[in-house]
1. Give the long-range amide H neighbours of residue 150: residues separated by 5 or more places, or on another chain, with amide H under 5 Å away, using H modelled in the peptide plane at 1.01 Å from N.
2. Quick one: plug the Kirkwood hydrodynamic radius of the range 133-193 (C-alpha pairs) into Stokes-Einstein at 4 °C, 1.567 mPa s, and report D in µm²/s.
3. Which residues' amide hydrogens lie under 5 Å from the amide hydrogen of residue 50, considering only partners 5 or more residues apart or on another chain, with H built in the peptide plane?
4. Around residue 18, with a cut-off of 12 angstrom between Cβ atoms, what is the net charge of the other residues, counting Lys and Arg +1 and Asp and Glu -1?
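The numbers here are math on the coordinates, done by the rules we state, and not lab data. None of these values were measured; they are calculated from a predicted model. Positions of Cβ are generated from backbone atoms using ideal geometry, with glycine treated the same way; all protein chains shown enter the neighbour counts.
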Amino acid sequence: MVRHISASNAANIQTALDAADDEIVLGAGNFAIPDTLVQPFKISQVMRGVGAGNYTNPNHNHRGATTVLEWIPGTQIRPLLKLQGSYFALRDMMLMGPETGIHIVKPRPGIGSGKHRFDNIVVEGADIAWQIAEDAGSQNCDVCSWRDITVIQTDTAFKSLGHQAMQMQISALHCRRVNTVLDIRGGGCWYAD
C-alpha cells in the first residue's frame with residue numbers, strides 16, 4: 001500500500017510506519033516532528049519526499065518543492081528517525097534537528113538491522129547525522145548505502161559504534177561546517193568515493 005501524507009498531517013507518519021505500508025510519500029513542506037519516528041522491525045519499506053534542498057525557509061525565492069522533517073522546538077533531544085528493520089529506503093528530503101538525525105539499531109539479540117539505502121538526503125543542525133548501532137557490543141548493522149548526501153552544520157556526519165558494520169558505502173558526500181566526517185569506533189568495512 002502507498003500512503004500519501006501532507007505536512008499538515010505529520011502525526012500520520014508514525015501511523016504509516018506502524019501499519020507497515022510499503023511506501024510512504026511525504027508531500028512538500030515542513031513536517032513538525034514531536035517525537036522520534038520509529039520504523040518497527042520489518043523488511044522492506046520506502047519513505048520518500050519530493051526533494052531535498054538547502055533552503056529551509058518556505059518563503060526563500062530559491063526553494064523549490066522540498067520535504068523537511070523538523071523537530072518541534074522544545075522537544076527532548078533524541079533521534080529524529082530510528083530504524084530497526086531491514087531494507088528501508090529514505091529519499092528526497094531534509095532532516096533538521098538536534099542530536100542524531102538517523103539511528104540504525106539492532107532490534108533484539110540475534111536479529112540484525114541493515115541493507116538500508118539513503119538517496120538525496122540533507123541533514124542539518126544535528127550533533128550526529130547518522131549513528132550506526134547502540135554501543136560497542138552491537139553487531140549486524142550492516143550493508144547500507146548513502147548516495148548524494150549533504151551534511152550541514154553538524155558535529156559528526158557518521159558515527160559507527162558496532163563491531164560488525166560491514167559493507168557500508170558512501171557516494172557523493174557533501175559536508176559543510178562538519179567537525180568529523182567518519183567516527184568509526186568498532187570493526188567494519190566502509191567505502192567512500
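1. Sorted by chain and number, the residues that satisfy this are 121, 122, 123, 174.
2. The Stokes-Einstein estimate is 109 µm²/s.
3. Result for residue 50 returns 67.
4. +1
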